[in-house]
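Visitor: Input: one structure, supplied below.
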Amino acid sequence: MDLFVIQELYDTEKVYVDDLGSIVEGYMGYMKENPLPGDLEGKDKIVFGNIHQIYDWHKETMVMELEKCLTETEKVGSIFIRYERRLYMYVKYCENKPKSEYIVSEYLDTYFEEIRQKLGHRLTLPDLLIKPVQRIMRYQLLIRDILKYTEKAGLDTTDLKKALRVMCIVPKAANDMMQVGRLQGFDGKITAQGKLLLQDTLLVSEVVAGMAQKARERRVFLFEQIIIFSEMLERKKGDFSNASYIYKNSLKVNKMSMANQEEGEPLKFVLIDRTPGSDMKYIIQAPSEEVKDTWIREIRSILDMQGDFLRALQSPIAYQREISKEL
């Protein structure tokens, strides 16, 4: 196994803890000791989210655990497996991040700049607050490298493979929540729409009264209960983390059906609004066959589940018999 990558994992962890300390002991410490500007009162909790929790855990637990790996290299994978549940605190942090960014941007050149100068920091507050997002994404790259060298050395990779799976799932959940947090203008309660199953940038053409509108790029979010179409606001090139989405339209899953597009359109599928009185359809084009198959598979699965649920409600006895037969 390559000790260099494990050393890098440990060294970067210590730097990360120092960066978190700059927020917790620096900014948060200063703001506790000094009066806040009137209109920032109470918003400071949103600015920092649960960063204190993240800082304490990395400082008191993760650094020590990774230090042990410098001499017991085979233990790297087991750390990430053991602490999987704890790492979900990053999902909470990312969910809060868009609200935090909004408040920080209002006070960045005034109040927070003043604190930065008093603390003598080189980095600005947004530079520090993005660190947890970068760190949770970076673990999987480092684990991937360690896995590669461990395989070359012919050593057991069971734990490392499990650890890599964990460190792909957690950042994805965190990123999903951060993107949902950037959705503006949706009237319903987003947390009541069930789990977020998929999100992608797709080309969507609305068909109203049989007339297809021009296809537009939309960020599409598929939840268990609803599919939401949103418009992406212009952002700086390459700056995906700060994208904002404006709600455009939605389809309730229990009022929806799906059809394949005609021959010669391998990347398209159609969603139909079955709400009484509606003749709305959405022609959706995926960027690749793989993405299209993923969406179709996921939508079909929730439509099947809805169908089962309806049958169970309408004729519970017949449904139970059917289930017993299958079993």
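Visitor: List, in the order given, every pair from Lys214/Lys268; Lys189/Lys252; Lys92/Lys172; Lys32/Lys131; Lys99/Lys131; Lys92/Lys195 whose Cα-Cα distance in the structure shown is over 18 Å. Could the numbers behind the result be given before it?
Guide: Working: Lys214/Lys268 14 Å; Lys189/Lys252 13 Å; Lys92/Lys172 13 Å; Lys32/Lys131 22 Å; Lys99/Lys131 16 Å; Lys92/Lys195 15 Å.
Correct reply: Lys32/Lys131.
Visitor: Show which lysines lie in cross-link reach of Lys152 when reach means a straight Cα distance below 21 angstrom and same-chain residues fewer than eight apart are skipped.
Guide: Straight-distance partners of Lys152: Lys75, Lys161, Lys162.
Visitor: Under 5 Å between amide hydrogens, which residues at least 5 positions from Asn249 or on another chain qualify, with H placed 1.01 Å from N in the peptide plane?
Guide: Phe229
Visitor: How big, in percent, is the set of alpha carbon pairs in the chain lying more than 32 Å apart?
Guide: In whole percent, the long-distance tail amounts to 46.
Visitor: Aspartates and glutamates within cross-link reach of Lys118: Cα-Cα under 16 Å, excluding same-chain residues under 8 positions apart?
Guide: Glu25, Glu33, Asp109
Visitor: HN-Hα J couplings of the range 98-107 from phi, Karplus 6.51/-1.76/1.60, θ = phi - 60°, integer Hz, Gly and Pro as x?
Guide: Once θ is set to phi - 60°, the couplings for the range 98-107 become x, 5, 4, 4, 4, 5, 4, 4, 5, 10 Hz.
Visitor: Apply the Kirkwood formula to the range 108-171: the hydrodynamic radius equals the inverse of the mean of 1/r over all pairs of different alpha-carbon atoms; give it in Å with one decimal.
Guide: 14.3
Visitor: Each residue of the range 212-226 in turn: what ³J(HN,Hα) in whole Hz from Karplus with 6.51, -1.76, 1.60 and θ = phi - 60°, glycine and Pro shown as x?
Guide: Calculated HN-Hα couplings, in order: 7, 7, 5, 5, 10, 6, 10, 8, 10, 10, 9, 9, 5, 9, 7 Hz.
Visitor: Here's another thing I want to ask about it. What share of Cα pairs, in percent, lie more than 20 angstrom apart in the range 18-78?
Guide: 44
Visitor: Write down the accessible area per residue of the chain in Å², having rolled a 1.4 Å probe over the full set of protein chains.
Guide: 56
Visitor: At a threshold of 8 angstrom on Cα-Cα distance, excluding pairs fewer than six apart, so keeping six or more, what relative contact order does the chain reach in percent? All intermediate terms of the calculation are to be shown ahead of the outcome.
Guide: Numbers: 399 pairs, mean separation 44.3, N = 327.
Result for the chain is 14 percent.
Visitor: Now a separate question. Which three extents, in whole angstrom, do the alpha-carbon atoms of the range 147-261 cover along their principal axes, largest first?
Guide: Rounded to whole Å, the extents work out to 63, 35, 30 Å.
Visitor: Would you list, by chain and number, the aspartates and glutamates whose Cα falls below 16 Å from the Cα of Lys148, excluding same-chain residues fewer than 8 positions away?
Guide: Answer for Lys148, where 16 Å is the Cα cut-off: Asp2, Glu8, Glu74, Asp156, Asp159, listed by chain and number.
Visitor: Starting with the highest mean, order 48-58, 204-214, 221-231, 146-156 by the number of other Cβ atoms within 10 Å, averaged over the residues of each peptide.
Guide: Per-residue mean Cβ counts within 10 Å order the peptides as 221-231, 48-58, 146-156, 204-214.
Visitor: Of the candidates Met305, Met62, Met137, which one comes out as most mobile in a Gaussian network treatment of the chain with C-alpha springs shorter than 10 Å?
Guide: Fluctuation is largest for Met305.
Visitor: Ok, one more. Select from Gly120, Gly185, Gly277 the residue whose mean-square fluctuation is largest in a Gaussian network model of the chain (Cα-Cα springs shorter than 10 Å).
Guide: Gly277
Visitor: Kirkwood-based Rg over Rh for the range 43-127 (C-alpha set), two decimals?
Guide: So for the range 43-127, dividing Rg by the Kirkwood Rh gives 1.10.
Visitor: In terms of modelled amide H atoms, which long-range or inter-chain residues lie less than 5 Å from the amide H of Arg274?
Guide: Close amide H contacts, sequence-distant or interchain: Met256, Ser257.
Visitor: Taking amide H positions as placed in the peptide plane 1.01 Å from N, state which residues far from Leu197 in sequence (5 or more) or on other chains have amide H under 5 Å from it.
Guide: Leu222, Phe223, Glu224
Visitor: Quick one: Karplus J couplings for the range 58-70, per residue in order, coefficients 6.51, -1.76, 1.60, θ = phi - 60°, nearest Hz, x for Gly and Pro?
Guide: 5, 5, 8, 10, 5, 4, 4, 4, 6, 5, 4, 5, 5
Visitor: Return the carbon/sulfur percentage of the accessible area of the chain, one whole number, probe 1.4 Å, all protein chains in place.
Guide: Reported share for carbon and sulfur atoms: 51 percent.
The values are calculated or read from the model by the stated rules, or taken from the named source; none is laboratory data. For clarity, every value in this text was computed on a predicted model and none was experimentally measured. Neighbour counts are summed over all protein chains in view; Cβ atoms, including those assigned to glycine, are modelled from backbone coordinates with ideal geometry. Areas reflect the complete protein model, heavy atoms only, side chains present, ligands, DNA and RNA absent. Shrake-Rupley method; radii C 1.70, N 1.55, O 1.52, S 1.80 Å.
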